[in-house]
1. Of the residues that make up region 83-104, is at least one outside any strand (DSSP E or B), over 29 Å from residue 709 (Cβ atoms) and out of contact with any helix residue (DSSP H, G or I) (no Cβ under 7 Å at 6 or more places or on another chain)?
2. When residues of region 102-131 are filtered for being buried (at least 16 other Cβ atoms within 10 Å of the Cβ), modelled with pLDDT of 85 or more and under 23 Å from residue 741 (Cα atoms), how many remain?
3. Limited to region 626-640, what total is found for residues that are part of a helix (DSSP H, G or I), touching a helix residue (DSSP H, G or I) at 6+ places or on another chain (Cβ under 8 Å) and modelled with pLDDT of 95 or more?
4. Quick check on residue 177: is it farther than 24 Å from residue 740 by Cβ, touching a strand residue (DSSP E or B) at 6+ places or on another chain (Cβ under 9 Å) and not assigned by TED's automatic domain parsing to the domain that holds residue 719?
5. With the checklist (1) assigned to a loop (DSSP other than H, G, I, E, B); (2) at pLDDT 95 or above in hand, flag the one item residue 431 doesn't pass.
6. What number of residues in region 105-131 are part of a loop (DSSP other than H, G, I, E, B) and under 26 Å from residue 725 (Cα atoms)?
7. Identify, from the list 685, 656, 677, the residue that is more than 30 Å from residue 168 (Cα to Cα), surrounded by 21 or more Cβ atoms within 10 Å (Cβ to Cβ) and at pLDDT 95 or above.
8. Restricting the search to region 40-62, which residues are within 54 Å of the chain's Cα centre (by Cα) and modelled with pLDDT of 85 or more?
């Protein structure tokens, strides 16, 4: 074992004087009090200095070392409370101990005694990792999520692009990643790309299709795969398919989307395939499309029967009324018009109307929630005939023209795609067209897909979504293998739900993101690590029970969540350990752009603030701020957090990511080994074995506590291969500093 400094453990205990000093007279004398913190100091064999805090009401005192001259206290005497320094030289012999006691001017000793222990040079050594030399072969499946628009700008327009990514492949290669998940690469009407205008082409802001091909080829030359982000739940409203569907209801593209002239009736009749058999959507709204003149100009009388939830509108020659200032219910024409209660739950008004779009009924002038706004759900109102009101959806009550509706799970600008009955989804026009676009990119060289919002394709109906995803995966995998690949295409779904729901999606595709993992990781690096191993193993077994080729995708946070560093309190020690734990846990780890640099941020001011561009050098060259509409936290994005600065710092967060990623690539057991609980777990310690398919075995130990901890390890600790923080070994005792981690090869 190497002889190097041992871990220092301080126990902060305070003792106060419990004995009264002898007094020369019968008069009562207040005892002298000494309190010292800590009451115990431990030194490594290398020696050094530590502080003591002395609190006393003695006017004059002195400190006495019990025996030996190897420990000194400075100052050795003084008056009043103060901080003392204990210094011990290097120890070349056996383990040794002395005590320091305190007395006042009269010689009366207090009971505040400090114990000083120094390890023997022959027994204790700090951990010095000695991993195998890295041969530059990638044996791990680590993936880096990057945002094309904000990763790196190659042409100075402020927007990230394909060439920018290609220029930074050496950086990504140095991180040890085996794949890149790119944000949507298609033309779009937004900066983020999730409202796709054309699945067959690439966004010209990012470059040409040849630029994309060049990036793929350059990445493959470095053993880095490319995964595209694919949006299957919806397209953008500016997509030519949707535009043609609006312009010509008889064209084939009308079936590519979810349209209805009367959603309420069609849902009740089970005609909305997008709902997957449900009667209500898990999320989303119907949006009206009206052609012709839908407004009215003239005097009308409105009679609202609130019991029946109907409104009757007739032309009137009676005098127009002003809005009722004490109204309980209002008509809304752009301004609120208060109705008059003429009998129980009947409200009326004669009003001069001038509207180009129609009106709504409101029960609140401040809320627009469902239940406070009431409108129509199909067709124009007929004057003189009661019109039934609807709250969900509450579409405009129009006076003329024709109205139909389309469904969108997310926003008006993102109409849901319609794949028909889920059992035969692959036969639908929408499926076949969008699958043809995926075929194009697979043939270009793309290695896999991240699938957006998969639980919403059939509105949270698990069986329906499973069926759709299996058809999609089988189609893409057949195309992939037809290109000569011997492996299967990678596909991971964003099934943003609890674990027990997410695991079911493995019936359709081989991987889904484990959204519960970061909460588990946060607890572990914050001192609550006792169930880390068993929970991760539950993830793994639950996924493999769904399919034999399951891949558990683990990540901290992504582009839709507050930054990991923000959630960890911007605590760099926790950020470092979170990285080390992620990269020593089985499964497929994902690193989100900027995570390796400690970027923090919240979504409060907009999603752009958690999608920050990479600051490559201290001068800000290639920083794609325009890609996020220049919405960046300039207080964070300073030279100290740049790639250039962190590359030059051996203790930086970036260095930790590089070191532990290299470790995962060097020892394949860390990536695809079997995880079993090690006997040295505890409330702050997560410890496990990783056993590789070749029989190799590693012991992984992470101590997430905020103070030092000593644990007993029965395994051989003579071959450490990784260390984060501080650690030392004395016999079978492993001493770990706060947020410290170590890996041993067994």
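1. no
2. The number of residues fulfilling the criteria is 3.
3. Here the count works out to 2.
4. Against the criterion (farther than 24 Å from residue 740 by Cβ, touching a strand residue (DSSP E or B) at 6+ places or on another chain (Cβ under 9 Å) and not assigned by TED's automatic domain parsing to the domain that holds residue 719), residue 177 qualifies.
5. For residue 431, the exception is condition (1).
6. 10
7. 685
8. Within region 40-62, 40, 41, 42, 48, 49, 50, 51, 52, 53, 54, 55, 56 qualify.
The values are calculated or read from the model by the stated rules, or taken from the named source; none is laboratory data. Keep in mind the model is a prediction, meaning the values are calculated, not measured. Glycine gets a Cβ as well: all are built from the backbone with ideal geometry, and neighbour counts include every protein chain shown.
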